[in-house]
Amino acid sequence: MHYLTDRFRPTERRLIWVAALVLLPVFFFPVLPIWTMKLWAPQYREGLTLMIYTNTIKGDLQNINILNHYVGMHAITPDDFKEFQYLPQALTFFGVMALIGALVNRRWVAILGWLAFTGFAVYMFSDYAKWLWHYGHDLDPRAALKLPTFTPPLIGMSRMANFRVLSLPGPGTVLLGLAWLLGPIAIWLEVRAASRGAPGRAVA
Amino acid sequence: MRRWIVLTLAGLATLGLATQLTGCAGTGGARGSAAERVYVKPGEHDAYYAFLSGGHHGNIYVYGMPSCRYITTIPVFTPEPAVGYGVDEESKAMLGGFTWGDAHHPGLSETDGDYDGRWLFINDMPNARIARIDLKDFKTKQIFGPIPNLSAAHACPFPTPNTEYVFAASRFSVPVPNRPAKVEDYAKDFRGVIAGIKVDPKDGTMSMGFEILMPPFAWDLADAGKGPSHGWAFFTCYNSEMAFDSLEVKASQAEMDYVAAVDWRAAQKAVDEGRAKTIGGVPVLDPAEVKGIVYLMPVPKSPHGVDVNPSGEYVCVAGKLQAEVSVFSYAKMKAAIDAGNFDGDRMGVPVLKYEDVLEAKVPVGLGPLHTQFDDKGNAYTSLFLDSQIAKWKVGPPWDVTDKIDVYYSIGHLMASEGDTRHPTGEYVVALDKLSKDRYLNVGPTHPEAAQLIDLRGPKMELLYDFPTYLEPHYAQMIKAEKLKPITVYPLAENNKPGAIKRAEDARVERKGNRVDVYGLVVRTHFTPDIIRVNEGDDVYFHWTNLEQDDDIAHGFGILWSSCNMQVEPGETKTIHWKATKAGINPFYCSNFCSALHQEMQGYIQVNPRGSTVAAVQRPDPKKVAEVAALLKDE
């Protein structure tokens, strides 16, 4: 149990600082999209864009909704997503945990934060997948064009009627992912250092 | 070893020959065959916009150069029911009851003597009007006139180098003010008028500047001075004989007619100082009383076009009935005016001596009409009778250096930015009056003809020949990159009365016999799509297109009526329809918009006179909610 109550080496502690630095501003400056969708059709060679932020959706929303209503998809409106009410706060909260972890310099605090962050991320991915399923399945039976139900992919290219859709994580998610990775990296660095008998605190 | 040397030499020789051949095919800066030089690949854009006046069609045609592809028509003085121009309330009011115009001379706005791509002015000759088209959306925004006292604006608009003014001058003199008179009293009672119309530098709005009372000659064409001659405008005339009948003969007798030089700053100053009298509600200056605003330069035999060269030093006047271009020196003109060297006057306008102001006479050929310029100091003059363009050197020895045949009877010509301070010298387009046998025969009404000619080589070279609809006179060509047109009207900037921006605001309001429909159009529905009115009602439809997507315009056409218009993305337009007969009147989207365009329709239910109709009708809330959900942006 010493391991959990022990302190980080300076290198690993710096990594926790970095994670805090990435996560903390999310609530205050939600400027990076966490997911992007690009839609192309023969008459939309330039493509339509949908950008999902932690607190809203931006891009050619009206246009996409007008086109979607032909196939009976629900209009995408930021108001529908209760997620936008807590997502930025939650991410900043994990930032606070990382900050505390680094400040008090106790492994268990940081690991607890990391585990909570991981759980939250898993929940959000499944939530996002559920939304995608919902948009592709809960089609208005009165729609002018009847499409077989579909699930837009979380990541990658797909076809929907005359549209090609590319769905990719945005720079926000990339940064969040890197912040998340800092946890395992920190521990791996410590394990490696210990096994080489390098100076610093040994794994007890 | 020797074999290698021989082979290498042979290879080099072949390469040299090939280069030589390619060099022959392209002349000067131009490359490739004529076909290659006009070919614009599918999906690519032309290098120039060309604006061709539509003549008595009353509009403007837009072409791409060098492909010579027709792009669009801008309705100006003539209704265009397809888009509702002259049908919707705003454009109907702008046309002022006229359904015809004769549009001759496009005039692109200028800054420092070069096209700035902001506005395009054009005259309606017979009704003495000038229109301004905004090149942000290619729409007619103002029609100024009929200008009081002016009888036909032919020498019009020819903007000044910073678009301070556009001009207009009477082609057919009449009594000023117009009143009952005898035509025989022409010389005594009739007068020509030169008008300077102010242009607001910010938004291009035209307003009255000044008018100058001129002798009753036929005022023909104009150009504004530039560079050293900035501040002056030049107007040609014929019929200085003051004939009022059989002009064909009687107006062609005098050896000399005139170019009037107007000091427009002095004219405006005189008006501002209160030296004008008010005729027809506008300030008019009489040169017999107000000195120093206008002078006449004699020029042979019924001249036509007057064109100031790019440096602004020379005023080139085409002889029409004389086979020469008379080139006047601005410096000489100014010196003669300053020295007071006059040869009498015509109705109070001082006449300068021909030999005092003449710089050169260029023997260009028969029937010279108009002159344009390139970037290398050359001028190009159209020859109506010879059906040719003559190229000549501006400056000693004033030689004609090349001629090219055109098909047939050329009027105006349009060089690339060829009337500015910096012509690009790439192309000239011949705008011909007759096409005869040039294209597939479509019966006795022939199209007009135009030829694109390459100016980049030492010799002019015919590239392409294309027909146009009736009837381009002057035209102008501007580098495409100078124009930055919008693709949709930003909804946020739409503050038209009658505009609604939310589905929740869609409604029909009835006050007395007036019904106002506040509706919106979006792919692919009208909201509301059922409208109930009574027989005898005046119905005003205010449709707002809430789309913000490229090229998604919707139409609104009512059956058994002349009511039709197009509403572009972000735009609100109002159209009036009279419910003359009880019954059902379907309406539909007349401009193909999308996959369910055929379904975009609605009904006007016209109840018998005196039926009870709700004062406010709102569409089905469920439908409103559905539409509202679509329109929530960001």
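Read the figures in this text as sums done on the coordinates, not as results from a lab. For clarity, every value in this text was computed on a predicted model and none was experimentally measured. Ideal geometry is used to build each Cβ from the backbone, glycine not excepted, and the neighbour counts take in all protein chains shown.
Taking a virtual spin label 7 Å from the Cα of A:Ile111 along the C-beta vector, which residues in segment A:3-18 bring their backbone nitrogen under 13 Å of it?
Of the residues in segment A:3-18, A:3-8 have backbone N under 13 Å from the label point off A:Ile111.
Per residue of A:78-85, count partner chain C-beta atoms within 10 Å of its C-beta, then hand back the mean as an integer.
What the average comes to for A:78-85 is 1.
Per DSSP helix of 4 or more residues, -39500 (n - 2.57); summed, then divided by the residues of chain B. What does that give at 222 nm, rounded to the nearest 500? Please report the intermediate quantities before stating the final value.
Numbers: 9 runs with 77 residues, N = 634.
Result for chain B, helices only: -3500 deg cm²/dmol.
Treating the beta-carbon of each Lys and Arg as +1 and of each Asp and Glu as -1, no other charges, what is the dipole magnitude of segment B:244-337 about its Cα centre, to the nearest 20 debye? Provide the component values of the computation, followed by the final result.
Details: 10 positive and 12 negative charges, 47 e Å.
Dipole about the Cα centre, nearest 20: 220 debye.
Run the Debye formula on the Cα coordinates of chain A, all scatterers equal and no solvent, and tell me log10 I(q)/I(0) at q = 0.13, 0.16, 0.19 1/Å.
Debye output, listed in q order: -0.77, -0.99, -1.25.
Order these peptides, A:144-155, B:315-326, by their mean beta-carbon neighbour count within 10 angstrom, highest first. Write down the numbers at each step before the final one.
Values: A:144-155: 12.6, B:315-326: 24.2.
Top of the packing list down: B:315-326, A:144-155.
Which number do you get for Rg(Cα) / (2.2 N^0.38 Å) in segment B:177-260?
Dividing the Cα Rg of segment B:177-260 by 2.2 N^0.38 Å gives 1.34.
Multiply the residue gap between B:Arg346 and B:Glu44 by 0.36 nm, knock off their C-alpha separation, and tell me the result in nm, one decimal place.
Details: separation 302, 0.36 × 302 = 108.72 nm, distance 5.59 nm.
Gain on stretching B:Arg346 to B:Glu44: 103.1 nm.
Farthest toward the dipole's positive end in the protein assembly as shown, which of B:Pro423, B:Ala450, B:Gly411, given Cβ charges of +1 (Lys, Arg) and -1 (Asp, Glu) about the Cα centre?
B:Pro423
With θ taken as phi - 60° and the coefficients 6.51, -1.76 and 1.60, list the Karplus ³J(HN,Hα) couplings across segment B:174-189 in order, rounded to whole Hz; mark glycine and proline as x.
Listing the rounded values in order: 9, x, 10, x, 5, 7, x, 7, 9, 4, 5, 8, 3, 4, 7, 9 Hz.
Please turn the phi angles of segment B:236-248 into ³J(HN,Hα) values with the Karplus equation 6.51 cos²θ - 1.76 cosθ + 1.60 (θ = phi - 60°), one per residue in order, whole Hz, x for glycine and proline.
8, 8, 10, 6, 6, 5, 6, 6, 10, 9, 6, 4, 3
Segment B:476-634: Rg/Rh from Cα coordinates, Kirkwood Rh? Please list the in-between numbers first.
Working: Rg = 16.7 Å, Rh = 16.4 Å.
Ratio value, two decimals: 1.02.
With +1 on each Lys and Arg Cβ and -1 on each Asp and Glu Cβ, how big is the dipole of chain A about its Cα centre, in debye rounded to the nearest 20?
700
Enter the mean number of other protein chain beta carbons within 10 Å of the beta carbon of each residue in A:63-74, as an integer.
4
Search the structure for amide H atoms under 5 Å from the amide H of B:Asp402, placed 1.01 Å from N in the peptide plane, and list their residues when 5 or more places away or on another chain.
B:Lys391
Which semi-axis lengths, in whole Å and largest first, follow from the square roots of five times the eigenvalues of the Cα gyration tensor of segment B:130-288?
Values for segment B:130-288, descending: 27, 17, 16 Å.
Over chain A, what is the mean sequence separation of C-alpha contacts under 8 Å (at least six apart), divided by residue count, expressed as relative contact order in percent?
On the way: 297 pairs, mean separation 63.4, N = 204.
31 percent.
Nearest 5 percent is fine: what portion of the DSSP beta bridges confined to chain B is antiparallel?
Taking every DSSP beta bridge within chain B, about 90 percent pair in antiparallel fashion.
Using modelled amide H (1.01 Å from N, peptide plane; none on Pro or chain starts), what sits under 5 Å from the amide H of B:Thr468, excluding residues fewer than 5 places away?
B:Glu448, B:Ala449, B:Ala450
Return the tail of the calculated pair distribution for chain B, meaning the percent of Cα-Cα pairs more than 42 Å apart.
Everything past 42 Å amounts to 35 percent.
What is the set of long-range amide H partners of B:His473 at a cut-off below 5 Å, with H atoms built 1.01 Å from backbone N?
Counting only residues 5 or more places away or on other chains, the set is B:Ser53, B:Gly55.
Are there any helices in chain B, counted as whole DSSP H runs, that stretch 27 Å or more along their axis by Cα and score at least 0.5 on average by Kyte-Doolittle, and if so which? Before the final figure, lay out the partial values.
Working: long enough: B:2-25 (35 Å, 0.99).
Span-like helices, by this rule, are B:2-25.
Give the value in nm², to one decimal: projected area of the alpha carbon convex hull of segment B:69-223, averaged over all directions.
Quarter of the Cα hull surface area: 10.1 nm².
Along the three principal axes, how long is segment A:1-113 when you take its alpha carbons, biggest first, rounded to the nearest angstrom?
Between the extreme Cα coordinates on each principal axis of segment A:1-113 lie 62, 27, 25 Å.
Considering the convex hull of the alpha carbon atoms of segment B:75-127, report its projected area averaged over all viewing directions, in nm², one decimal.
The directionally averaged projection comes out at 4.4 nm².
For A:Arg164 and A:Val104 in the same chain, what is the full-extension length gain: residue separation times 0.36 nm, less their Cα-Cα distance, in nm? Let's see the in-between values first.
On the way: separation 60, 0.36 × 60 = 21.60 nm, distance 4.98 nm.
Taking A:Arg164 through A:Val104 to full extension adds about 16.6 nm, to one decimal.
Can you find, among B:Ile212, B:Ala628, B:Ala323, the residue farthest towards the positive end of the dipole of chain B? Put +1 on the C-beta of Lys and Arg, -1 on that of Asp and Glu.
Positive-most Cα among the choices belongs to B:Ala628.
Taking the dipole about the Cα centre of the protein assembly as shown, with the C-beta of Lys and Arg at +1 and of Asp and Glu at -1, give me whichever of A:Pro153, A:Leu61, B:Pro66 is farthest to the positive side.
Highest projection toward the positive end goes to A:Pro153.
About the Cα centre, and with charges only on the beta carbon of Lys, Arg (+1) and Asp, Glu (-1), how big is the dipole of chain B? Nearest 20 debye, please. Mind showing how you got there, number by number?
Details: 64 positive and 80 negative charges, 132 e Å.
For chain B, the charge dipole is close to 640 debye.
With a 10 Å radius around each residue's Cβ, average the other Cβ atoms per peptide and rank A:161-167, A:11-17, highest first.
Top to bottom by mean Cβ count within 10 Å: A:11-17, A:161-167.
Can you figure out the FRET efficiency of B:Leu434 with B:Gln598, using R₀ = 45 Å and their beta-carbon distance, to the nearest 0.05? Let's see the in-between values first.
Numbers: r = 44 Å, r/R0 = 0.99.
The calculated FRET efficiency here is 0.50.
Can you run phi through the Karplus equation (6.51, -1.76, 1.60; θ = phi - 60°) for segment A:149-163 and list ³J(HN,Hα) in whole Hz, with x for Gly and Pro?
Each residue of segment A:149-163 in turn: 4, 8, 10, x, x, 5, 9, x, 9, 8, 10, 9, 6, 8, 9 Hz.
Counting only complete DSSP H runs, which helices of chain A cover 27 Å or more along their long axis at the Cα atoms and score a mean Kyte-Doolittle of -1.0 or above?
Numbers: long enough: A:107-137 (44 Å, 0.43); A:171-195 (35 Å, 1.27).
Qualifying helices, which must be both long enough and hydrophobic enough, are A:107-137, A:171-195.
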